[in-house]
Amino acid sequence: MDSYSMIDPYFLMADDNFGDFELLQEALRVIPMGSDLRLVHACDGQKAWEILNTIPTGGILPRLVVMDLHLPYITGVDVVARMKGSTQLSSIPSIIISSGGVPQEDCCCADAFFEKPGTWPEYLTFARTLCDSYLSMPRGADTDIAVR
């Protein structure tokens with residue numbers, strides 16, 4: 001069993017730009033609510049799906065899945081659609097992030113859409129928003145976060 005499926009809380013982030021992952025990871029470390037949170041990285045959509053699909057029944061699910069829209073092999077939208085079709089994974093909140101202007105209706109299967117942060121202050125704000133919205137809610141609660 002992988003170590004990330006044994007640690008709670010954790011977020012899964014799928015992004016082929018490792019720099020974006022590192023910046024969000026560091027932003028989570030410096031904000032009080034995110035300091036104990038583990039951020040697990042998947043470098044593409046296929047790896048994200050493998051991570052999610054191999055969590056054992058009754059295993060610890062991520063509190064949130066953050067998907068880059070444009071991922072190699074399987075797009076972020078396609079991974080989220082697979083999650084929503086899975087009995088075990090459908091309750092995990094998911095957001096799509098993108099640095100390009102994307103019609104929000106293309107991301108309708110996700111719980112929210114965010115523009116990727118571009119500066120360190122934006123990463124801090126993004127990390128706070130994720131923690132405030134997804135760490136404070138009880139597991140399985142409906143998400144109601146504004147699309148940004």
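The values are calculated or read from the model by the stated rules, or taken from the named source; none is laboratory data. These numbers were taken from a predicted model, which means no experiment stands behind them. Ideal geometry is used to build each Cβ from the backbone, glycine not excepted, and the neighbour counts take in all protein chains shown.
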Q | Residues located in region 10-24, provided they are within 12 Å of the chain's Cα centre (by Cα) and either assigned to a helix (DSSP H, G or I) or at pLDDT 95 or above (or both) | A | LEU12, MET13, ALA14, ASP15, PHE21, LEU24
Q. When only residues in region 88-101 that are more than 23 Å from SER136 (Cα to Cα) and assigned to a loop (DSSP other than H, G, I, E, B) count, which is modelled with the lowest pLDDT?
A. GLY101
Q) Do you know which residues across region 30-44 are touching a residue at least 12 places away in the same chain (Cβ under 8 Å), not charged (D, E, K, R) and not in a helix (DSSP H, G or I)? A) ILE31, LEU37, LEU39, VAL40, HIS41, ALA42, CYS43
**Q.** ALA48, sole failed condition from (1) surrounded by fewer than 18 Cβ atoms within 10 Å (Cβ to Cβ); (2) over 19 Å from SER133 (Cβ atoms)
**A.** (1)
Q.
I'd like to check something: does region 18-28 contain any residue that is touching a helix residue (DSSP H, G or I) at 6+ places or on another chain (Cβ under 8 Å) and under 21 Å from THR87 (Cα atoms)?
A. no
Q) Going by the structure shown, is ILE60 farther than 17 Å from ASP20 by Cα, among the β-branched types (Val, Ile, Thr) and out of contact with any Gly (no Cβ under 6 Å at 6 or more places or on another chain)? A) yes
Q) If you go through region 45-75, how many residues are assigned to a loop (DSSP other than H, G, I, E, B) and either in contact (Cβ under 8 Å) with a residue 24 or more places away in the chain or within 19 Å of PRO93 (Cβ to Cβ) (or both)? A) 16
Q. What number of residues in region 113-137 are at pLDDT below 90 and within 18 Å of LEU61 (Cβ to Cβ)?
A. 5
